[in-house]
Structures are given as structure tokens and as C-alpha cells.
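> Structure provided below as C-alpha cells; questions to follow.
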Amino acid sequence: MMNNNHKNSGCGKGSELVSYIYGEASAAENKVFEIHLETCSICADELETFSGVHFSINDWKLKDFANLQTPVIALPYPTAPVKQEVSGVDGSWLLGLRRLFSPKLSLAAASMAVLAICVGIVLYVSNSREADYIVEKNKNTKIQVSPTVEKSTEVSNSNSKQNNLPDPESKPLDKPQPQLAVETDAKNNRTRKTTNTQRRTEKVETTNLPQTNDAKRNDKKKNEIPPKIFDEEEEDDTLRLAEMLEEIDTIE
Amino acid sequence: MLKSLTDEQLVELAVTDEPEAFGEIVCRWERKIFALCFGMLSREDEARDAAQETFISAYRNLSNFRGEAKVSSWLHRIAVNQCLTKQRRTKTRSETFLDDEENAEERVFIAPLHQSPVRQAEQSERLSHVRQAVHALPPELRQVIVMKEFEEMTFQEISETLQLPLSTVKSRVYTALKQLRMKLERTPLEVV
């Protein structure tokens with residue numbers, strides 16, 4: 001290691017000398033050393049030469065180092081430096097997007113969406129149950145078969161029996177549902193519907209009258225009439241559905 | 001917030017929560033470490049590399065910092081080791097001197113115009129001698145003289161950084177100056 005013999009070389013005032021050269025001695029120490037310099041030629045010589053070395057190194061520093069820029073230290077951070085992104089203008093909208101889709105916000109948005117979906121499902125289920133209940137209620141209400149329709153079915157059946165011919169179109173007439181009329185009191189549409197069905201049955205009756213004259217004609221007419229009735233019955237179905245929907249609306 | 005913390009607190013913060021806190025340490029010490037590296041190596045490019053590697057090495061070994069010594073002394077120790085490693089890697093000393101001479105010629109051209117060419121040549125030659133003399137010092141002496149001249153640290157700061165007694169630091173500086181004077185006796189020393 002370093003030997004400290006040099007400390008005692010010369011007159012042994014090495015540490016005071018360097019403190020004096022670099023201006024780190026106190027005022028009292030400076031005075032004492034200056035008095036010593038007047039009597040010690042070795043220290044005076046060293047002070048001159050050491051000061052020259054000190055200024056030469058300082059000159060070298062000023063010429064070569066002072067104008068040098070400090071190198072940019074790039075540290076291997078685990079993530080990219082944040083400062084550059086913040087200062088960059090181009091990154092502002094990207095940062096905005098990142099903030100918008102930050103984990104906290106996205107979690108909140110997802111939970112809100114799930115909540116909304118749940119509420120929607122609950123509402124839908126409750127509405128469908130109510131509708132089913134109303135439909136069942138309506139089914140359980142008084143159902144009457146109009147006498148005219150019964151008549152027409154009887155007539156058609158008798159005709160078919162008389163002619164001994166198969167009546168393929170009479171099948172829909174046998175169906176009780178299309179000819180059923182759900183009676184509700186306060187509905188105008190309902191009254192209109194019953195009149196419509198009456199008219200239809202009258203038509204059927206009128207077409208069935210000339211049956212005694214010519215059996216073939218009657219058969220033909222009979223074959224033609226039921227489709228008309230069937231079409232009208234389909235319309236009745238749609239009307240009935242519309243009525244039911246209106247009833248649901250009024251109940252709600 | 002970070003500026004109010006001490007070096008040791010910053011290192012603790014960088015180890016535990018915030019690695020970016022080490023950036024504040026870099027801001028505080030990069031110039032001084034660069035100066036130390038420049039004084040030790042006498043070359044700009046090598047000094048830059050050494051400074052960079054010093055901070056990267058310190059950052060990677062943050063967990064090994066026990067807090068027994070000061071952060072500044074830890075950084076100085078790493079920097080000196082980096083400089084010595086770089087110095088060992090240089091092929092031959094003659095190459096370095098040759099390169100220094102080339103740089104010296106370049107400096108003649110960028111010197112102020114009010115100086116005569118003869119004086120410019122003398123000055124560049126003298127600076128080259130100073131660089132060589134400093135470069136030839138033993139690492140212990142070179143380190144203290146560079147810290148004193150380039151980093152402008154006080155004897156007390158050098159003592160704390162190197163964890164040496166104040167008297168030892170002063171004696172090392174005295175010895176360094178004495179050896180430099182012996183090396184530079186051949187060339188005239190002028191106060192600019």
C-alpha cells in the first residue's frame with residue numbers, strides 16, 4: 001500500500017502545504033504557514049512547483065474537459081422511461097387512450113355492462129311470464145261457439161253425407177278454434193268480429209241452398225266455399241291475436 | 001420529492017418500489033463520475049463508456065448495496081474499477097500516446113487565433129505532458145488527484161468518499177503533486 005514517508009519528507013509540512021495550495025486551510029493556519037514559508041526554502045520551492053502542477057492540471061481540465069457534454073446515461077429500467085412519453089406531443093392521444101382503457105376503468109365498464117345485461121334478462125323474463133299469464137287467463141274466460149258456425153258445419157256435413165263424396169275442405173271447418181269467438185264485453189272490435197263471422201256463415205248457407213237442384217254444382221260450390229271461409233278464418237286468427245295484444249296493453 | 005431525499009434513501013426507494021429513483025442519483029453524480037473517468041483515462045470516448053458502465057453496473061447491483069458506505073463512495077469505487085479495467089484492456093500504452101499526439105495536433109487547429117502558432121504548439125505539448133504524467137501515476141494517487149482537480153472535491157469529501165483518514169488523503173495529494181513535478185521537470189511549466 002501507500003507509504004506515508006513522503007509526509008515527513010522535506011520539512012514535514014506536506015499536509016499544511018497542500019491545504020494552503022488548494023485554499024482549504026483556515027485563516028489562522030494560513031498565517032502560521034506563511035510565517036513558516038519565510039524561513040523554509042524547501043517549502044517555498046515546493047509551493048512554487050506544486051502550484052505550477054496544480055494550474056497545469058487545471059488548464060488541461062479547462063481545455064479538454066470543461067466543454068465536454070455529460071454523456072446521457074441510459075439505464076436498463078424494467079419499463080420504458082415515462083418522462084419521454086409525457087413530454088412527447090405525438091404520444092398524447094396514445095396516452096389518452098391508455099388512460100381511457102386503464103384497468104380500473106375497464107373493470108368498472110365491464111361490471112356495468114354485466115349489471116345492465118342482468119337487469120335486461122330479468123325484465124324480459126318477467127314480461128314474458130306476464131304475457132303467458134294473460135293468455136292463459138284469456139283462454140280460461142268464457143269461450144262460446146257461434147250458433148251460425150255450428151249451423152254451417154252441420155249443413156256442410158249433411159251435404160257431404162248426401163253426396164257420399166269426400167270433402168277435403170270441410171276439415172278446417174271442423175276445427176273449432178278458428179270459429180271460436182272470445183267474448184269480451186267492452187271491445188268494439190269484438191262485436192265487429194262476431195258480425196263478420198255471422199256474415200260468413202250466411203254466405204255459406206246461401207251457397208248451400210241450390211244444392212237440391214244439381215248435386216254436382218252443389219259439390220263444386222261447396223268445394224269452392226270452404227277455402228274462402230278458411231282464408232277469412234286465418235284473418236280472424238290474426239285479428240284475434242291483435243285483440244289479445246291490445247288487451248295485454250290495456251292490462252299493463 | 002426525490003430531490004429532497006438523500007442518496008441512501010433514493011437507493012432504498014429504487015430497490016423497493018421505484019427503480020426510476022436511481023435516475024435522480026444519476027443526475028446528481030453523472031458529471032463528477034464522468035470527470036473522474038476522464039481524469040483517470042485521459043480520453044473522452046473511454047471516459048464516456050466508463051461512466052455509462054459505472055451507472056449501469058451500480059443499477060444492476062442495487063440489491064447488493066448494504067448501506068454501510070456512502071452511495072458516492074460506492075459509485076467512485078465502481079468507476080475507478082471500470083477505469084482500471086478499461087486501462088488494462090487497452091493494447092499498449094504507446095498506442096494511447098500516439099493517439100494523444102494526434103489529438104494534440106487537432107487541438108492546435110481549434111486553438112484561439114490570437115495565440116501565435118509557436119505558443120499554441122508549446123501549450124499543446126505541455127498539456128500532452130501533463131496528461132501523460134497524470135496517466136502514469138499509480139491508481140491510488142491518480143484517483144485522489146483527479147478527485148481534487150477534476151471533481152473539485154474538498155479533502156474532507158474525498159476522505160468520506162474513499163473512507164480514508166483526512167491526513168492520508170492530504171499525504172496522497174502531496175505525493176501525487178511531487179511525482180507530477182518530477183515527471184514534468186523536463187518541460188517548462190507556465191501558468192496560463
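> Looking at A:LYS13, is it of a type in the set (Lys, Arg), crowded, with 16+ Cβ neighbours inside 10 Å and either in contact with a Phe, Trp or Tyr (Cβ under 9 Å, 6 or more places away or on another chain) or modelled with pLDDT of 90 or more (or both)? I'd like the intermediate steps shown before the answer.
Numbers: of a type in the set (Lys, Arg): yes; crowded, with 16+ Cβ neighbours inside 10 Å: yes; either in contact with a Phe, Trp or Tyr (Cβ under 9 Å, 6 or more places away or on another chain) or modelled with pLDDT of 90 or more (or both): yes.
Yes; evaluated as a whole, the condition is true for this residue.
> OK, next. Can you find even one residue in the stretch B:21-28 that is outside any helix (DSSP H, G or I), of a type outside the set (Gly, Ala, Ser) and either crowded, with 22+ Cβ neighbours inside 10 Å or away from chain A (no Cβ under 11 Å) (or both)? Before the answer, list the steps.
Initial filter on the stretch B:21-28 (outside any helix (DSSP H, G or I)): none.
Scanning the stretch B:21-28, I find no residue that is outside any helix (DSSP H, G or I), of a type outside the set (Gly, Ala, Ser) and either crowded, with 22+ Cβ neighbours inside 10 Å or away from chain A (no Cβ under 11 Å) (or both), so the answer is no.
> Counting just the residues of the stretch B:142-165 that are facing chain A (nearest Cβ under 7 Å) and assigned to a loop (DSSP other than H, G, I, E, B), which one comes out farthest from B:GLU68 (Cα to Cα)?
Applying the filter and picking the extreme gives B:PHE150.
> Would you please name the residue that is nearest to B:PRO138 (Cα to Cα), looking only at residues in the stretch B:166-180 that are more than 7 Å from chain A (Cβ to nearest Cβ) and surrounded by 24 or more Cβ atoms within 10 Å (Cβ to Cβ)?
Among residues in the stretch B:166-180 that are more than 7 Å from chain A (Cβ to nearest Cβ) and surrounded by 24 or more Cβ atoms within 10 Å (Cβ to Cβ), the one nearest to B:PRO138 (Cα to Cα) is B:ALA176.
> In the stretch B:146-176, what count of residues is obtained for those that are within 16 Å of B:LEU127 (Cα to Cα) and hydrophobic (A, V, I, L, M, F, W, C)? Outline the logic, then answer.
Initially, the stretch B:146-176 is screened for residues within 16 Å of B:LEU127 (Cα to Cα), giving B:146, B:149-150.
Narrowing further to those that are hydrophobic (A, V, I, L, M, F, W, C): B:146, B:150.
Residues flagged as within 16 Å of B:LEU127 (Cα to Cα) and hydrophobic (A, V, I, L, M, F, W, C) within the stretch B:146-176 amount to 2.
> Restricting attention to the stretch B:58-76, does a residue exist that is on the phi > 0 side of the Ramachandran plot and in contact with a Lys or Arg (Cβ under 9 Å, 6 or more places away or on another chain)?
Residues of the stretch B:58-76 on the phi > 0 side of the Ramachandran plot: B:67.
Okay, now just the ones that are also in contact with a Lys or Arg (Cβ under 9 Å, 6 or more places away or on another chain), so none.
For the stretch B:58-76, residues on the phi > 0 side of the Ramachandran plot and in contact with a Lys or Arg (Cβ under 9 Å, 6 or more places away or on another chain): absent.
The values are calculated or read from the model by the stated rules, or taken from the named source; none is laboratory data. Fair warning: this is a prediction, and the values are worked out from it, not measured in the lab. We place every Cβ from the backbone using ideal geometry, glycine too, and count neighbours over all the protein chains shown.
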